[in-house]
Amino acid sequence: MLEPVYAELKVKPLKHFRGDFPRYESAQASGFDIRARIDEPVKLTPGERTLIPTGLVFEIPHGFELQVRPRSGLALKKGLTLMNTPGTIDSDYRGELKIIVVNLGLEDIVISDQERIAQVVCCPVLQARFSVVDEVEPSQRGDKGFGSTGIK
């Protein structure tokens with residue numbers, strides 16, 4: 001079996017943090033689960049969104065980002081997802097990781113302290129160098145936009 005590739009991700013627990021630190025739930029998982037760190041349960045009505053603290057600050061290595069993504073089971077079973085997905089945490093951010101959740105389900109959702117609310121993936125980042133040109137190379141697709149690949 002191949003060994004995973006690692007990037008060192010420093011984690012600082014804040015004073016209000018308690019519970020388990022993030023961890024990968026399986027040997028080949030690409031994302032680790034992140035937990036809510038709240039004093040009281042949070043109730044979300046359908047369509048409602050809120051910011052959920054985690055009690056953690058991450059020092060992300062230069063050349064990497066953290067992508068915050070919904071947990072598929074919560075999305076399917078309850079309709080809980082994230083407003084901006086994937087959410088990007090840049091390597092120069094040093095504040096508490098907070099998760100923007102939204103209830104897209106048909107019923108109220110209650111989020112409890114220590115509930116796994118999202119997954120986080122550590123990803124390499126490339127920055128583009130921009131070149132202003134008069135023309136771009138043509139392609140078979142050209143300027144055809146939404147729906148142009150033949151799927152209706």
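A few remarks follow.
- Residue within the stretch 77-84 that is of a type in the set (Lys, Arg), surrounded by 13 or more Cβ atoms within 10 Å (Cβ to Cβ) and under 29 Å from residue 8 (Cα atoms) present: no
- Of note, residue 60 satisfies the criterion of being open to solvent by less than 40 Å² (accessible area, probe 1.4 Å) and either under 30 Å from residue 2 (Cβ atoms) or without any contact (Cβ under 8 Å) to a residue 40 or more places away in the chain (or both).
- In the set 44, 2, only one residue is among the aliphatic types (A, V, I, L, M) and in contact (Cβ under 8 Å) with a residue 60 or more places away in the chain; that residue is 44.
- Scanning the stretch 3-28 for residues that are among the hydrophobic types (A, V, I, L, M, F, W, C) and over 17 Å from residue 58 (Cβ atoms) turns up 5, 27.
- From the list 66, 82, the one residue that fits, being closer than 23 Å to residue 112 by Cβ, under 13 Å from the mean Cα position of the chain (by Cα) and without any contact (Cβ under 8 Å) to a residue 60 or more places away in the chain, is 82.
- Only one of the listed residues (143, 92, 113, 134) is closer than 23 Å to residue 13 by Cα and surrounded by fewer than 11 Cβ atoms within 10 Å (Cβ to Cβ). That residue is 92.
- Flag if residue 115 is more than 23 Å from the chain's Cα centre (by Cα) and in contact (Cβ under 8 Å) with a residue 24 or more places away in the chain: no
- Tally, over the stretch 12-34, of residues that are touching a residue at least 60 places away in the same chain (Cβ under 8 Å) and not in a loop (DSSP other than H, G, I, E, B): 3
- Within the stretch 35-57, the set of residues being open to solvent by 40 Å² or more (accessible area, probe 1.4 Å), charged (D, E, K, R) and part of a loop (DSSP other than H, G, I, E, B) comprises 39, 40, 48.
The values are calculated or read from the model by the stated rules, or taken from the named source; none is laboratory data. Everything numeric here is computed off the predicted structure, so don't read it as measured data. In this analysis, Cβ positions are derived from the backbone assuming ideal geometry, glycine residues included, and neighbour counts consider all displayed protein chains. Heavy atoms of the whole protein, side chains included, go into the accessibility calculation; ligands, DNA and RNA do not. Shrake-Rupley method; radii C 1.70, N 1.55, O 1.52, S 1.80 Å.
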